[in-house]
Amino acid sequence: MMLEPTPAVAMTLPAEVREKLAELELELSEGDITQKGYEKKRGKLLAPYIPQIQGVDPSLQIDNRIQTSSQAVLPGSKHNKSRAANTRDERFRSDLHTEAVQAALAKYKERKMPMPSKRRSVLVQSSVEACTPPDTSSASEDEGSLRRQGRLATSTPYQGHGHPAVEHWFNRVIQGSSTSSSASSTSSHPGGRSVTTTNTTAHAALNANAAATALADLMAHTQLDNHSAPPDVTGLSERSSLHAERPQVASVRGITRSYNHQTSVMETADGCEWGGEGSLSLTDGVPVNSRVSSKIQQLLNTLKRPKRPPLREFFVDDFEELMDVQQPDPNQPKPEGQQMSPLEGEPLGVVTNWPPSLPAALQRWGTTQPKSPCLTALDNAGKPVYTLTYGKLWTRSHKLAYTLLNKLSTRNEPLLMPGDRVALVFPNNDPVMFIVAFYGCLLAELVPVPIEVPLTRKDAGSQQIGFLLGSCGVTLALTTDACQKGLPKAQTGEVATFKGWPRLLWFVTDGKHVVKPPKDWHPPLREASNDIAYIEYKTSKEGSTMGITVSHSAMLAHCHSLTQACGYTEAETITNVLDFKREAGLWHGVLTSVMNRMHVISIPYSLMKVNPLSWILKVHTYKARVAVVKSRDMHWSLLAQRDQRDISLSSLRMLIVADGANPWSISSCDAFLNVFQARGLRPEVICPCASSSEAMTVAIRRPPEMGVPPPGKAVLSMGGLSHSVIRVDTEEKLSVLTVQDVGQVMPGALVCVVRVEGTPYLCHTDEVGEICLSSGTTGVAYYGLPGMTKNIFETIPVTSSGVPVSDRPFTRTSLLGFVGPDSLVFVVGKMEGLMVVSGRRHNADDVVATALAVEPMKFVYRGRIAVFSVSVLHDERIVVVAEQRPDASEEDSFQWMSRVLQAIDSIHQVGVYCLALVPANTLPKAPLGGIHISETKQRFLEGALHPCNVLMCPHTCVTNLPKPRQKQPEVGPASMIVGNLARKFLYIQDVLQWRAQATPDHPLFLVLNAKGTVASTASCLQLHKRAERVAVALMGRLNTGDHVALVYPPGIDLIATFYGCLYAGCVPVTVRPPHPQNLATTLPTVKMIVEVSKSVCILTTQAIMKLLKSKEAAAAVDVKSWPMVLDTDDLPRKKSPQMYKPPTPEMLAYLDFSVSTTGILAGVKMSHAATSALCRSIKLQCELYPSRQIAICLDPYCGLGFALWCLCSVYSGHQSILVPPLELESNASLWLAAVSQYKVRVTFCSYSVMEMCTKGLGSQTEALRLRNVNLSCVRTCMVVAEERPRIALTQSFSKIFKDLGLSPRAVSTTFGCRVNVAICLQGTAGPDPTTVYVDMRALRHDRVRLVERGSPHSLPLMESGKILPGVKVIIANTETKGPLGDSHLGEVWVSSPHNATGYYTVYGEEALHADHFNTKLSFGDTQTVWARTGYLGFLRRTELTDASGERHDALYVVGSLDETLELRGMRYHPIDIETSVIRSHKSIAECAVFTWTNLLVVVVELEGSEQEALDLVALVTNVVLEEHYLIVGVVVVVDPGVIPINSRGEKQRMHLRDGFLADQLDPIYVAYNM
């Protein structure tokens, strides 16, 4: 319960608090903050003014703190705790971290998240256990409000399930729909008892009117109007933790919704009723529940507060969109220490007999100690396969060097010259061949570039390696015979060229081509110079591959300093588990070992996979003094060590942990020590080290004999670290990072820590920065990248006053850390893993550790988690991708995901934007295990990750959306445009009679069939005669003024019966016939129009008459209630007695029925006067005369299509070539072929026809040209539409058919709507239609701002044709009804003699629309009567002139007002959001959006495999955030063809919405964004 301030307190609240409260109320009413966020903020504001309960400050009351050490560095303490050593995830886990995560999770009650629904075939689920019953417990409680004493810490789902519920649920699965989703609530299905886990103390604390006040508050904030979606009823569950079901508000058309505030009945789980004020009930009292909506409702409850800081300042993003800028928190920790001083390593010792270079050392040992073992290779069983001696290494590399320089030639030129780069491609289980090739290159003064073996043509990152080889100019690759045989081959048998790779020659180093050099040939052994010795590859955060060049002198100096730091002595034995091609594996196992004549036991990765203990066994067998490993190897060996009793590690004097800089290495070290101390491992021999490819070894903990200070450990506050400040954690015990030192700086090196961004200023002593190293042992450059080289290898750190620290340059190590007490170096993360979210820094590795501490191994496959950030809407957003175990259930995944979100939120105080789960083993792998992060990120952004579960949480982590707008009523100079007037009145039926007498044989109509042949024709006399027969049949049976439904396929019959009705004085209503294959959906519409139009008779053909009364029809509608049905196929030829003459032109001529895109069936009344005026306007605009021919490919049932089919030809006398659009399905070229054959100058079509032609004929223009289809005759091709012109479609149509002679200027659009079916038509005399570009962001605020083509956020709009003669158009403000200027978007109002006279009925919205036909401006010209079109648009005077020399005025239609979405105070047009979404992924075929409560729902049709479905979720969310500043609430992925489209090719978004809420879409996947 929120505590209310007492009235006295309320009076004393300071003004600014009252102001803030008012602001909050506003935010809530705008839907800009969730109910929960509102309560939380309100609670915070009021907290100081409400007497505290027992003095507890709610924000600090978290009891389950964990005690951890509060000292920064505990000398010597190794953190010993006994623990079960066999848990799989030990290496990622410190007890601290796991406990912290558990505590963090305990803080949250189990907040229930809606499970996404995923398509499952019902029959697959065979056992009851396989189907988890739905969770009816819904305990949503805000963790920030005052806590009640005695609350349960967590509530386990399912604890209160009664048996009946389970059985009932199971029955439902057997019969129910295939999208049954486990978050649906049982009480919405009759028969299920809904059982809720309730909590007695909470129960007692809920006072009786709280729920009711919740409702009353909510009602006050929910603005309701006729069009409103169901109100957001989230408020209910916020304050009560024991409700089972909320009353839902039905969004059913046809029920006028009233909200009454007197009585209240709210049913809770235990069936008691609470009465109170302000409830919400339907007129007929039936709450309508639907599965999806209860699920979404649940989502709304779990939406956490948007973590939005108080808004102080904005930056203007180009225009008036104000992006919220995160202000630095004034209380954030700041560094307080002194400026650090650079840290020097001990001097590098001078050794007298040190060899002058590595090749010289090799020669010395190869000739003086040839029998000395150099390297032992093992097979996959762990048996030694071969031991290479120093003698063998010398002779074999000597031979190879000679061969490379002298025996490889092209066109008598040697192939290689000293200094050339050579690729080394050796598998990880063949160190012997590698070391021979490496030293062979050094001896030949060639530069080896070791890379991974490319296994397939599409290895993760192999293309990048190709770029590296290309930029290094590599032409030759060395490899082994076995490896060369395994590489993918082209048809010629040669090694295939990999994607992005240069052409390479492959040379096998263990083949017969390696020859013995002559006695007098000696490789040049020079002193170590600054020439390049080798190039090591490195992959950057973005995935690009760089080559780091290492000079001979740096290589030698590095060996020297490693030898000193590690105390290496001659002939020591060392085991190496690392990759010997790069980094520590190369430095210790190939270079320094040869320098000191050491014996390396090389343990391949493949052996570690089979036997993780192998390295320990080898240490034992060979009595190795040193082992080089990673934390992973220590962790794996823990899991396998139980069977081994007799191993001893007492020989080890140094266990080098190469990734000791990782935050989780400490737990591996601790756990390893715990287990192996009993087997001779001394604690002090564990030596973590820190290194990077650029700087090589940075610091290493020295072996114990060097007398160094004891190791250190720091427990740091994560909160501090996120601000780059080191704070020993004292109060917030949950979020701590425990790190171990990585020892002292390398000998002869100078280290300092600098700021990460901007000028490299030295950090303070208590500040985290990037460690920089100045030493002769680092890499020299990135090969071929001078700019990046300068940034990384030649940094000059400066003091706060700007003075350089030293005269020698530093290399940035990409390690983030600080220098602790005793000059120990601590590393807390890497630059690659750094994610800066809203100004705070987080480390990817830390987030991985937190995620893994959430019961990982039960769930995450082998601990494989990738964390990276993507940039969306001006900030980084965190993405977590994990592989789930093959046996994980859907329920497990969602429980795990929700807990991960909570843990990361608690410990790192940062929101996760997207959490994706992929099947086991599907993430791209790095060469030696591990996940290829940059490739994973790439796949995520391309939508190629194919996750099996996805959870997006944009609501919680996107906090920088622009501020919602407040509307200002605005008045501008009015824009009004008038077509040229024309008055002359004729009854249309009189015109037909006159033509039948004057020109009886003049052809009026010609109907084509699918073959392109003439199916039927009608001359003036024939049409008149057929109409007369119909009239005779009607006159005997019907009265004047009766309504008659005409149910005909497109053709002459329809036209003849229309005139027959007029002759008989009846009112015709044209109705599209039902589709015989789809009666269930098409017949009810026919029935509805017949009933709503009050037709007393149906005229139709015999075939359709049979269909209307068939058995199949009876399944869809009540066939007994049809009115009289007459078939007009064989009417007797009788002369009609007397034609009916309407007494006045205002009499009703016909009814025009159409279903709008919002799913409303509306019939308008057309009088004789309007009919005549309409025909006359069109005749003038299109210059129609009896000698003209026009082709029409439209449906003849309503709007302009009907007028062109049935009215215009009779009025103007021109011949109409009629092409029924349905025929195009079997012959797409029918319409265009007819246009060409009859040389038509004017033609009309619909968007769906245009789409059929572009999709169906796009590739066939050549074939059409051969059939002599020529469109050069067309002057105007008009698309008849009631929507914004579809520019992309008209442009691609023009482009495709340009080849057939279609003029690019021919295509234009028309515009009409229910109140006036023809407002604009391009006509023949006007100038070309103009296109303007407007700023899409301005449109959201109802402003029109013209911009240049191609500018950001620009939206092209094409004018909707030229305004017809006699039509006046004005733009009016939808709310104030005042006239608007041309820089404003408003409703298009129209005044014209051919306006319809009113709605006959609007089914489903009776009360509406009274003012649609006769409305007046609130000021300005208040006399003219206007009709409101319901469309938003604007007017512009153009520079063009029309034929009469007048300035041409253009009307631009932006979209239907009913369809617009009001979100965050701005007006969005669905089509704009849909266009962005369709662009976001190649597999999205179609998209439709609508809102539900205040959530944006995006439905996408997936063309492609179902495994792509989840890829779309993140991409759709990203693109809508980036381009429209909106957060998507629900993403629904469906099959192609699910989004309903009407005959005009318009999306029926409201039908889709109803289908979604009634759960009828059978989606592939539904994702609820949190």
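The values are calculated or read from the model by the stated rules, or taken from the named source; none is laboratory data. As the structure is a prediction and not an experimental result, all values here were calculated from the model. Neighbour counts run over all protein chains shown; Cβ positions are idealised from the backbone, glycine included. SASA here: full protein model, heavy atoms, side chains in, ligands and nucleic acids out. Shrake-Rupley method; radii C 1.70, N 1.55, O 1.52, S 1.80 Å.
Local charge for Arg582 was computed over the other residues whose Cβ lies under 14 Å away, with Lys and Arg +1 and Asp and Glu -1, and equals -3. Per-residue packing, averaged as other Cβ atoms within 10 Å, sorts the ranges 748-759, 811-822 into the order 811-822, 748-759, beginning with the highest. Output needed: percent of Cα pairs per 10 Å distance bin for region 821-911, bins running from 0 to the one holding the longest distance. Result, from short to long distances: 15, 44, 28, 11, 2, 0 percent.
Charge tally around Lys1239: other residues with Cβ under 15 Å, Lys/Arg +1 each, Asp/Glu -1 each, net +3. Quotient of the Cα radius of gyration of region 581-696 and 2.2 N^0.38 Å, N being its number of residues: 1.02. For region 707-801, the equivalent ellipsoid derived from the alpha-carbon gyration tensor has semi-axes of 29, 18, 12 Å in decreasing order. Heavy-atom surface analysis with a 1.4 Å probe gives region 1142-1292 a carbon and sulfur content of 52 percent of its accessible area. Within the accessible area of region 806-965, the carbon and sulfur atoms contribute 48%, probe 1.4 Å, all protein chains present.
Expressed per residue, the C-alpha convex hull volume of region 1225-1381 stands at 144 Å³. Per the Cα gyration tensor, region 840-881 maps to an equivalent ellipsoid with semi-axes of 23, 10, 7 Å, ordered largest to smallest.
If you take every residue apart from Cys1066 with its C-beta less than 15 Å away from the C-beta of Cys1066, what net charge results, scoring Lys and Arg +1 and Asp and Glu -1? Overall, the nearby charge balance is +3.
Scattering from the C-alpha atoms of region 406-555 alone, worked out with Debye: what is log10 I(q)/I(0) at q = 0.08, 0.10, 0.20 1/Å? Result of the Debye calculation: -0.23, -0.36, -1.44. Volume per residue for region 1185-1237 equals 64 cubic angstrom (convex hull of Cα atoms). One quarter of the surface of the convex hull around the alpha-carbon atoms of region 984-1119 equals 9.9 nm², the direction-averaged projected area. Rounded, prolate or oblate: pick one for region 1082-1146, where a ≥ b ≥ c are the square roots of the eigenvalues of its C-alpha gyration tensor, a/c under 1.5 means rounded, and failing that, prolate if a/b is larger than b/c, else oblate. Oblate is the answer for region 1082-1146, as a/c is 1.5 or above yet b/c matches or exceeds a/b. Heavy-atom accessible surface of region 1101-1210, averaged per residue, reaches 41 Å², computed with a 1.4 Å probe. Available extension along the chain between Asn412 and Ser871 is 159.8 nm, counting 0.36 nm per residue and deducting the alpha carbon span.
Each distinct pair of alpha carbons in region 1484-1535 adds a 1/r term; the inverse of their mean, the Kirkwood radius, is 11.2 Å. Per residue, the Cα convex hull of region 421-484 amounts to 80 Å³. In order along region 514-519, the phi-based Karplus estimate (6.51 cos²θ - 1.76 cosθ + 1.60, θ = phi - 60°) of 3J(HN,Hα) comes to 7, 10, 7, x, x, 4 Hz; Gly and Pro are listed as x. Using the 1.4 Å probe convention, the accessible area of region 654-810 works out to 29 Å² per residue with neighbouring protein chains retained.
In region 765-859 the Cα-Cα distances spread across 5 Å bins starting at 0 as 2, 11, 15, 19, 19, 15, 9, 5, 4, 2, 1 percent of all pairs. Each principal axis of the Cα cloud of region 472-598 was evaluated for its coordinate range; sorted largest first, these ranges are 54, 50, 31 Å. Couplings 3J(HN,Hα) of region 487-493, computed from phi: 6, x, 10, 7, 4, 6, x Hz, in residue order, whole Hz [Karplus 6.51 cos²θ - 1.76 cosθ + 1.60, θ = phi - 60°; x for Gly and Pro].
Note on region 1050-1127: Cα-only Rg and Dmax are 12.3, 37 Å. Ranked by the mean number of other Cβ atoms within 10 Å of their residues, highest first, the peptides 626-633, 564-571, 1183-1190 come out as 626-633, 564-571, 1183-1190. 3J(HN,Hα) along region 598-608: 8, 10, 9, 9, 9, 9, x, 4, 5, 6, 4 Hz, from the Karplus curve 6.51 cos²θ - 1.76 cosθ + 1.60 with θ = phi - 60°, whole Hz, x for Gly and Pro. Kirkwood radius for region 1021-1061, taken over all pairs of different Cα atoms as the inverse mean of 1/r, rounds to 10.5 Å. The mean accessible area for residues of region 1338-1436, using a 1.4 Å probe and ignoring ligands and nucleic acids, is 36 Å² per residue.
Would you give the gap between the C-alpha center of region 325-389 and the C-alpha center of region 391-424, rounded to a whole Å? Between the Cα centre of region 325-389 and that of region 391-424, the gap is 28 Å. Averaged over every viewing direction, what's the projected area of the C-alpha convex hull for region 1448-1545? Give it in nm², one decimal, please. Over every viewing direction, the Cα hull of region 1448-1545 projects on average to 7.9 nm². Treating each Cα of region 487-552 as one equal point scatterer and applying the Debye formula with no solvent, the log10 of I(q)/I(0) at q = 0.21 Å⁻¹ comes out as -1.07. Taking Cα centre as origin and charging only the Cβ of basic (Lys, Arg, +1) and acidic (Asp, Glu, -1) residues, the dipole magnitude of region 497-612 rounds to 480 debye.
Counting protein heavy atoms only, region 583-646 has 47 percent of its accessible area on carbon and sulfur, 1.4 angstrom probe. Binning the C-alpha pair distances of region 327-485 at 5 Å intervals from 0 yields a P(r) profile of 2, 7, 12, 14, 14, 12, 10, 8, 5, 5, 4, 4, 2, 1, 0 %, listed from the shortest bin outward. Computed over region 1047-1187, the P(r) tail beyond 28 angstrom holds 27 percent of alpha carbon pairs. Considering all C-alpha pairs of region 1169-1314, those separated by over 23 Å amount to 30%. When each of the peptides 15-22, 1156-1163, 940-947 is scored by the mean number of other C-beta atoms lying within 10 Å of its residues, the order from highest to lowest reads 1156-1163, 940-947, 15-22.
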